[in-house]
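A.B. asks: One structure, pasted below without further comment.
The values are calculated or read from the model by the stated rules, or taken from the named source; none is laboratory data. Keep in mind the model is a prediction, meaning the values are calculated, not measured. Reconstructed Cβ throughout: ideal geometry from the backbone, glycine too, with neighbour counts over all protein chains shown.
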Amino acid sequence: MNHLPEVWGRPRNDVYGAYDHSYLQGSHPMQHTQQPIVTGTSVIALKFNGGVVIAADNLASYGSLARFTDVERLKQVGTHTVVGAGGDISDMQHLYEKLLDSLIIKEEYQNDGHSLRASHIYRYLSRVLYHRRCKFDPLWNTILVAGWDDGKPFLASADLLGTTFSSPALATGFGAHLAVPLLRRVCPDENAVKSLTKEKAIETIEECMKVLFYRDARSLNKYSMAVITGEGVEQVPLSGEGKEKVHVEWKKDITLENQSWKFAEGIRGYGAQTV
Amino acid sequence: MTSIGTGYDLSNSVFSPDGRNFQVEYATKAVENGGTAIGIRCKDGVVLAVEKLIGSKLLVPGSNKRIAMVDRHVGLACSGLIPDARHFTSRARSEAASWRKFYHTPIPVSSLADRMGGYAQAYTLYSSVRPFGVTAIIAGMDEEGGPGLWMVEPSGVGWGYFGAATGRGRQAAKAELEKLPLPNITVKEAVKHAARIIYFAHDDNSKDKDFELEMTWVRHEKLATAESGEGIVKGWGKHEEVPKELVAEAEKLAKESMVEGGDDEEMEVEE
Amino acid sequence: MFRNNYDNDSVTFSPQGRIFQVEYALEAIKQGSVAVGLVSKTHAVLVALKRNAEELGSYQKKIIGIDTHLGVALAGLAPDARVLSNFMRQQSMSSRLLYNRPVPVARVVNAIADKAQVNTQHYGRRPYGVGLLVAGVDETGPHLWEFQPSGMVLEYRGASIGARSQSARTYLERTYEEFAESSREELVLHGLKALRDSLAQDKELTIANTSVAVVGVGGEKFRLYDGDEVGEWLEKLGNVQSSRGGRGAEEEEEAQAAPEETMDTTE
Amino acid sequence: MNSRHTGNLSVDGVHVDMEHLKKGEVNLGTSIMAAIFDGGVVLGADSRTTTGSYIANRVTDKLTQVHDTIWCCRSGSAADTQAIADIVHYHLQMYNVTNAEPPATRIAAALFQELCYDNKDNLSAGIIIAGYDKRHGGEVYSIPLGGSLHKQRYAIGGSGSTYIYGYCDANWKENFTEGECVEFVKGALSEAIKWDGSSGGVIRMVVLTGRGAERKIFFPDENYAGDGK
């Protein structure tokens, strides 16, 4: 037994050789977050004439375990914007509760008639995500930013690499594979937005949530939806310029309806069956 | 001030032989020249009001706000050197933000006042800085304590109040505040009193100058519209400007009471 | 002005609660030539009088562009103005980079105000020796702010700073009610008239000594006009008589107004 | 999970994997839980600590006090979670004296989360925080591995918890009485102990109410029966 505390609890030098301190020097590569742990799945969103609708389910998975079933993954940011996040839930909470909350409070300090709109919040989030990936310590999320901006619906996505992308129909995670084709069926391009009604858009989103529940093994039959609509323009005294009025309608704890399972009765599987 | 210029008043952080810190007292003088600011603590919230002196008719009316939001549930009104007030406010915001970051919850008003007292005090300790030429009234509403009203002076001293007044018209304002049955009134009643008191204090001290009345309140979001009951309302409040119609009404009543001439106790507030 | 015990540094209050070093810094503004700013519902305008140190030297810069929606006019120490305007440019760029938003005028003004205040509270620093008029347009319309070395900032409908600026202010106070509805050109001419009123007896506005800058709502970018570009406005101005007769009285007026002004920071 | 600096080749060519040694040392298979009832909250845990398949301690106390009526259940690295609990304990004491009022449970939860999230790369900690204060009553928060924070009405954690998701979901009820809540926790933990090799020993509980903190203990050789006194 050696009396030096530094060698307590580690292999004997005479057997294993002296302790190799080299890893304590700063020259070795640093590794940060390796993987998401508690995760949320898809977020989907669709523009329509006069607004945007966005939805995400309430599940936080721990591997394949449905760990938490009451997680809100959509967040209203200011008056014009709703953000949705998939990926690591702890990073999502950091983004929502630390970064975005303090961003909005700082904006409220001024009380000068200015407010951060969807495009501003989107730029901020994509900068944060890109900054973190440059530190090789990414926030493990894909986010959608939906809102009303400059008289038009706004919808764009950003991911953990800082990749940014915009389209009238967007989905993250599994939704990118399963929901986007369905969304594009009703809204193939920016022109189609004008002829898409709010009701049809909501109906399409509901349909997508159902398909995702059928086919995404990390999804839940309970979800939240936010509908952001432009409500015209309010005149600002003195400047003569208009200030947009925006309405955000929330639907929480929605349970999937009109599922189709009955056909299972008629299905017969493998083997020589008689019943 | 009895003994100025004895040589002990030339540097901050120096005591005179009789144990006074003159630079702090002089900073208080700067406050006493400032526009009047008052705070009224009620059973369902807190009201802040300031007399914003208007130095020129070229100034944009309604701009150049004097009451600041420190956090969603806290407002801060200052009297004294305005740039110092901005610095002080910005520190208060940092304190509130760092509390939020650390504890995931808004800062209790008393804790904020405590920290700001500490900050002001630090500026009395060193000859390399000067004290703040500012007295700050901090108003807020939190979950444990309900409505809270604190006043922090250049020395770093901070007390809790039911009715607080500072600035040029503080004596007149204090006299009026003492007549109110605080804290057993509602913020809606207090708005009218606050307007009257600011008009009264202005009339008493800076009659020759123009001023704008600026008012904010902190109220509990859920009870903001409901009639408040008997006891003290608790919960996180929201700091916001008093609605324009209410300010206009309060100013109208205040002006009427000035015309009646001093006998303002007569003024009844119905609610 | 007499020397007293309390004016050595900006960390000493006088028994009346004044900070003389800061008040002296305000005096430095008056060493600079005059600058005038004013706003309508659609435009913000800066006009300024340029000086040249010697006959063969160039005229000093009085108006600095900060961003496409924002610029400043200065009076006082030009190097201090450069520091502040560079800082404003950084704020402006960072707002565009981080939020994809032109910085709101009031916020960039508040940022320099906070920067200036620190210099009035710490030993070993001096207050800035320059006054600025910040004119810009943002989502809430056109704005004009005055910045002082004390860290005081105020929003005005019309303002003037610099030597003999009281005469310009007198003009502004007389006519400010017309500003809001003025056209772009009318607003510039109001500015030039105010500027002309502040000239010394033997001076006049020329294309060499006059700077004009305009920014407007609806995307009209901040643009600085110098030299020949201001000729047309000056010609129009030529048809209008100077609004005041004798000039000697004005200087006296300004001398009297000075101590009042220094109290502006206290409120 | 944590693959940093794994495996150093020493001079004589012997591969020394400090990380692996550390893992063997800290692995704390466990069953922990907490649940609220009308007027308070119950925390419960098994008492087994294993090093590989060896039971290093069969009477471990996994319930840790961080303030008068704010406690936590620790799972994951014993060293990590003890260090975190010590730091939170320090901050809560500071909070109590500087603000002249006891901290609310969610403040403790926020402190735990701050530490777990900011240091997620170096920690292996799954913590359940339960507390009682007059204003909010009983509250339960769960912080799983990545450092997210989840307010729950009951929370389960540790390796044994995977076996009792169904039991808890089926048996938990809103507005439990104190006695019902204790029975619920006991029933759940005894199932976890039954099916999870890394959980075992006695069931320890702490009940937090307006009366303060009270301990209970139930023994395997008594079939976890009795009133726990």
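A.B. asks: Just a yes or no: is a residue in the range B:134-150 more than 16 Å from residue B:46 (Cβ to Cβ) and either over 14 Å from the mean Cα position of the chain (by Cα) or away from chain C (no Cβ under 14 Å) (or both)?
C.D. replies: Taking the range B:134-150 as the starting set, the residues that turn out to be more than 16 Å from residue B:46 (Cβ to Cβ) are B:134-135.
Next, from what is left, pick out any that are either over 14 Å from the mean Cα position of the chain (by Cα) or away from chain C (no Cβ under 14 Å) (or both): none.
Looking through the range B:134-150, none of the residues is more than 16 Å from residue B:46 (Cβ to Cβ) and either over 14 Å from the mean Cα position of the chain (by Cα) or away from chain C (no Cβ under 14 Å) (or both).
A.B. asks: So, residue B:72, is that one touching a helix residue (DSSP H, G or I) at 6+ places or on another chain (Cβ under 7 Å), touching a residue at least 12 places away in the same chain (Cβ under 8 Å) and either more than 10 Å from chain C (Cβ to nearest Cβ) or farther than 22 Å from residue B:167 by Cβ (or both) or not? If you could, list the steps in order and put the result at the bottom.
C.D. replies: Details: touching a helix residue (DSSP H, G or I) at 6+ places or on another chain (Cβ under 7 Å): yes; touching a residue at least 12 places away in the same chain (Cβ under 8 Å): yes; either more than 10 Å from chain C (Cβ to nearest Cβ) or farther than 22 Å from residue B:167 by Cβ (or both): yes.
Here the answer is yes, as residue B:72 does meet what is asked.
A.B. asks: Six or more apart or on different chains, Cβ under 6 Å: which pairs go from a residue in the range D:173-192 that's within 19 Å of residue D:30 (Cβ to Cβ) to one that's outside any helix (DSSP H, G or I) and among the hydroxyl-bearing types (Ser, Thr, Tyr)? Could you list them?
C.D. replies: From residues that are within 19 Å of residue D:30 (Cβ to Cβ), the pairs are D:186/D:224; D:189/D:31; D:190/D:224; D:192/D:31; D:192/D:199.
A.B. asks: Can you tell me which residue among C:260, C:267 is modelled with pLDDT under 95 and surrounded by fewer than 14 Cβ atoms within 10 Å (Cβ to Cβ)? Let's see the steps before the verdict.
C.D. replies: Details: C:267 fails: surrounded by fewer than 14 Cβ atoms within 10 Å (Cβ to Cβ).
Residue meeting the stated conditions: C:260.
A.B. asks: Which of the residues spanning the range D:164-184 are in a helix (DSSP H, G or I) and more than 12 Å from chain A (Cβ to nearest Cβ)?
C.D. replies: Quick first cut of the range D:164-184, residues in a helix (DSSP H, G or I) only: D:165-171, D:178-184.
Hits for the range D:164-184 are D:167, D:168, D:170, D:171, D:178, D:179, D:180, D:181, D:182, D:183, D:184.
A.B. asks: What number of residues in the range C:85-99 are within 9 Å of chain A (Cβ to nearest Cβ) and among the hydroxyl-bearing types (Ser, Thr, Tyr)?
C.D. replies: Residues flagged as within 9 Å of chain A (Cβ to nearest Cβ) and among the hydroxyl-bearing types (Ser, Thr, Tyr) within the range C:85-99 amount to 1.
A.B. asks: If residue C:125 passes every condition in (1) more than 13 Å from chain A (Cβ to nearest Cβ); (2) basic (Lys, Arg); (3) free of Cβ contacts under 8 Å to residues at least 60 places away in the same chain; (4) closer than 23 Å to residue B:85 by Cα but one, which one does it miss?
C.D. replies: All conditions are met except number (3).
A.B. asks: For the range D:196-214, name all the residues that are without any contact (Cβ under 8 Å) to a residue 12 or more places away in the chain and surrounded by fewer than 13 Cβ atoms within 10 Å (Cβ to Cβ).
C.D. replies: Taking the range D:196-214 and keeping what is without any contact (Cβ under 8 Å) to a residue 12 or more places away in the chain, we get D:211, D:214.
Matches in the range D:196-214: D:211 only.
A.B. asks: May I pose another question? Condition first: within 14 Å of residue C:102 (Cα to Cα), over 18 Å from the mean Cα position of the chain (by Cα) and at the interface with another protein chain (Cβ under 7 Å from one of its Cβ atoms). Now tell me which residues in the range A:104-121 satisfy that.
C.D. replies: A:114, A:116 - these are the residues of the range A:104-121 that are within 14 Å of residue C:102 (Cα to Cα), over 18 Å from the mean Cα position of the chain (by Cα) and at the interface with another protein chain (Cβ under 7 Å from one of its Cβ atoms).
A.B. asks: In the range D:61-108, what residues are within 14 Å of chain B (Cβ to nearest Cβ), closer than 19 Å to residue D:206 by Cα and touching a Ser or Thr at 6+ places or on another chain (Cβ under 7 Å)?
C.D. replies: Within the range D:61-108, D:70, D:106 meet the criteria.
A.B. asks: Tell me, please, whether a residue that is acidic (Asp, Glu) and not in a helix (DSSP H, G or I) can be found in the range C:183-195.
C.D. replies: Keep residues of the range C:183-195 that are acidic (Asp, Glu), which gives C:185-186.
Subsequent filtering for residues that are not in a helix (DSSP H, G or I) retains none.
No, every residue in the range C:183-195 fails to be acidic (Asp, Glu) and not in a helix (DSSP H, G or I).
A.B. asks: Condition first: assigned to a loop (DSSP other than H, G, I, E, B), more than 9 Å from chain A (Cβ to nearest Cβ) and surrounded by fewer than 23 Cβ atoms within 10 Å (Cβ to Cβ). Now tell me which residues in the range C:100-114 satisfy that. It would help to see each step written out before you state the result.
C.D. replies: As a first pass, look at the range C:100-114 and keep what is assigned to a loop (DSSP other than H, G, I, E, B): C:100-104.
Subset that is more than 9 Å from chain A (Cβ to nearest Cβ): C:102-103.
Within the range C:100-114, C:102 is the sole residue that qualifies.
A.B. asks: Is there a residue in the range B:52-61 that is within 17 Å of residue B:250 (Cβ to Cβ), touching a residue at least 24 places away in the same chain (Cβ under 8 Å), touching a Leu at 6+ places or on another chain (Cβ under 8 Å) and facing chain C (nearest Cβ under 9 Å)?
C.D. replies: Within the range B:52-61, the first condition is being within 17 Å of residue B:250 (Cβ to Cβ), and the residues that meet it are B:52.
Those still in the list that are touching a residue at least 24 places away in the same chain (Cβ under 8 Å) too: B:52.
From what's left, touching a Leu at 6+ places or on another chain (Cβ under 8 Å): B:52.
Keeping just the survivors that are facing chain C (nearest Cβ under 9 Å) gives B:52.
Yes, the range B:52-61 contains at least one residue that is within 17 Å of residue B:250 (Cβ to Cβ), touching a residue at least 24 places away in the same chain (Cβ under 8 Å), touching a Leu at 6+ places or on another chain (Cβ under 8 Å) and facing chain C (nearest Cβ under 9 Å).
A.B. asks: Can you tell me how many residues within the range D:43-61 are touching a residue at least 60 places away in the same chain (Cβ under 8 Å) and either touching a Leu at 6+ places or on another chain (Cβ under 8 Å) or among the aliphatic types (A, V, I, L, M) (or both)?
C.D. replies: Counting residues in the range D:43-61 that are touching a residue at least 60 places away in the same chain (Cβ under 8 Å) and either touching a Leu at 6+ places or on another chain (Cβ under 8 Å) or among the aliphatic types (A, V, I, L, M) (or both) gives 7.
A.B. asks: Which members of the range D:115-139 meet the condition of being among the aliphatic types (A, V, I, L, M), closer than 21 Å to residue D:104 by Cβ and surrounded by 24 or more Cβ atoms within 10 Å (Cβ to Cβ)? I'd like the intermediate steps shown before the answer.
C.D. replies: Applying the first criterion (among the aliphatic types (A, V, I, L, M)) to the range D:115-139 yields D:115, D:123, D:125, D:127-130.
Remaining after also requiring closer than 21 Å to residue D:104 by Cβ: D:115, D:127-130.
Listed by number, the residues that qualify are D:127, D:128, D:129, D:130.
A.B. asks: Output the residue which, of all residues in the range B:71-90 that are in a strand (DSSP E or B) and more than 13 Å from the chain's Cα centre (by Cα), is surrounded by the fewest Cβ atoms within 10 Å (Cβ to Cβ). Steps first, please.
C.D. replies: We begin by selecting, within the range B:71-90, every residue in a strand (DSSP E or B); these are B:71, B:74-81.
Subset that is more than 13 Å from the chain's Cα centre (by Cα): B:71, B:81.
Numbers: B:71: 24, B:81: 33.
Per the criteria, the residue is B:71.
A.B. asks: Quickly run through the range B:12-49 and pick out the residues that are assigned to a strand (DSSP E or B) and within 14 Å of chain C (Cβ to nearest Cβ).
C.D. replies: Taking the range B:12-49 first, the residues assigned to a strand (DSSP E or B) are B:37-41, B:45-49.
The answer is B:37, and nothing else.
A.B. asks: Has the range B:110-120 got at least one residue that is assigned to a strand (DSSP E or B), touching a strand residue (DSSP E or B) at 6+ places or on another chain (Cβ under 8 Å) and either facing chain C (nearest Cβ under 8 Å) or of a type in the set (Asp, Glu) (or both)?
C.D. replies: Scanning the range B:110-120 turns up no residue that is assigned to a strand (DSSP E or B), touching a strand residue (DSSP E or B) at 6+ places or on another chain (Cβ under 8 Å) and either facing chain C (nearest Cβ under 8 Å) or of a type in the set (Asp, Glu) (or both).
A.B. asks: State yes or no: is residue C:184 buried (at least 17 other Cβ atoms within 10 Å of the Cβ) and basic (Lys, Arg)?
C.D. replies: On the way: buried (at least 17 other Cβ atoms within 10 Å of the Cβ): no; basic (Lys, Arg): yes.
Criteria not met by residue C:184.
A.B. asks: Ok, one more. Out of the range A:164-192, which residues are within 14 Å of the chain's Cα centre (by Cα) and polar (S, T, N, Q)?
C.D. replies: Step one: filter the range A:164-192 for residues within 14 Å of the chain's Cα centre (by Cα), giving A:164-165, A:170-176.
If the condition is that a residue be within 14 Å of the chain's Cα centre (by Cα) and polar (S, T, N, Q), then A:164, A:172 are the ones that fit.
A.B. asks: Among the listed residues B:20, B:41, B:66, which satisfies the condition of being out of contact with any Asp or Glu (no Cβ under 9 Å at 6 or more places or on another chain) and of a type in the set (D, E, K, R)? Don't jump to the end; show me each part of the working.
C.D. replies: On the way: B:20 fails: out of contact with any Asp or Glu (no Cβ under 9 Å at 6 or more places or on another chain); B:66 fails: out of contact with any Asp or Glu (no Cβ under 9 Å at 6 or more places or on another chain).
When all the criteria are applied, what remains is B:41.
A.B. asks: More than 11 Å from chain D (Cβ to nearest Cβ), in contact with a helix residue (DSSP H, G or I) (Cβ under 8 Å, 6 or more places away or on another chain) and outside any loop (DSSP other than H, G, I, E, B), is that true of residue A:82?
C.D. replies: Values: more than 11 Å from chain D (Cβ to nearest Cβ): yes; in contact with a helix residue (DSSP H, G or I) (Cβ under 8 Å, 6 or more places away or on another chain): no; outside any loop (DSSP other than H, G, I, E, B): yes.
Spelling it out, it is not the case that residue A:82 is more than 11 Å from chain D (Cβ to nearest Cβ), in contact with a helix residue (DSSP H, G or I) (Cβ under 8 Å, 6 or more places away or on another chain) and outside any loop (DSSP other than H, G, I, E, B).
A.B. asks: Being at negative phi and within 14 Å of chain A (Cβ to nearest Cβ), is that true of even one residue in the range C:43-59? Even if it seems obvious, please write down each step before you answer.
C.D. replies: Here is the first cut: in the range C:43-59, the ones at negative phi are C:43-59.
Applying the additional criterion that residues be within 14 Å of chain A (Cβ to nearest Cβ) yields C:43-44.
Looking for residues that are at negative phi and within 14 Å of chain A (Cβ to nearest Cβ), one finds at least one in the range C:43-59, hence yes.
A.B. asks: So, one more: In the range A:19-67, what count of residues is obtained for those that are part of a loop (DSSP other than H, G, I, E, B), among the hydrophobic types (A, V, I, L, M, F, W, C) and modelled with pLDDT of 95 or more? Break it down stepwise before answering.
C.D. replies: First, the residues of the range A:19-67 that are part of a loop (DSSP other than H, G, I, E, B): A:19-20, A:25-37, A:41-42, A:49-50, A:58-59, A:63-64.
This time we only want the ones that are among the hydrophobic types (A, V, I, L, M, F, W, C), so: A:30, A:37, A:59.
After this cut, where a residue has to be modelled with pLDDT of 95 or more as well, the list is A:59.
Looking only at that region, the number is 1.
A.B. asks: Taking the conditions exactly as written (farther than 29 Å from residue D:195 by Cβ, away from chain B (no Cβ under 14 Å) and of a type in the set (Asp, Glu)), does residue D:133 satisfy them or not? Working first, answer last.
C.D. replies: Details: farther than 29 Å from residue D:195 by Cβ: yes; away from chain B (no Cβ under 14 Å): no; of a type in the set (Asp, Glu): yes.
In short, no.
A.B. asks: Could you please find all residues in the range C:128-183 being away from chain A (no Cβ under 14 Å), under 15 Å from residue C:36 (Cβ atoms) and among the polar types (S, T, N, Q)?
C.D. replies: C:160, C:165, C:166, C:167, C:170, C:175
A.B. asks: Quick one: residue B:98 ticks every box in (1) in contact with a helix residue (DSSP H, G or I) (Cβ under 7 Å, 6 or more places away or on another chain); (2) among the polar types (S, T, N, Q); (3) part of a helix (DSSP H, G or I); (4) within 14 Å of chain D (Cβ to nearest Cβ) bar one, so which box is it?
C.D. replies: For residue B:98, the exception is condition (1).
A.B. asks: Please verify whether residue D:199 is of a type in the set (Ser, Thr, Tyr), more than 15 Å from the chain's Cα centre (by Cα), away from chain A (no Cβ under 13 Å) and under 22 Å from residue D:53 (Cβ atoms), treating the condition exactly as stated. Lay out the reasoning, then the answer.
C.D. replies: Working: of a type in the set (Ser, Thr, Tyr): yes; more than 15 Å from the chain's Cα centre (by Cα): no; away from chain A (no Cβ under 13 Å): yes; under 22 Å from residue D:53 (Cβ atoms): yes.
When the stated conditions are applied, residue D:199 does not pass them.
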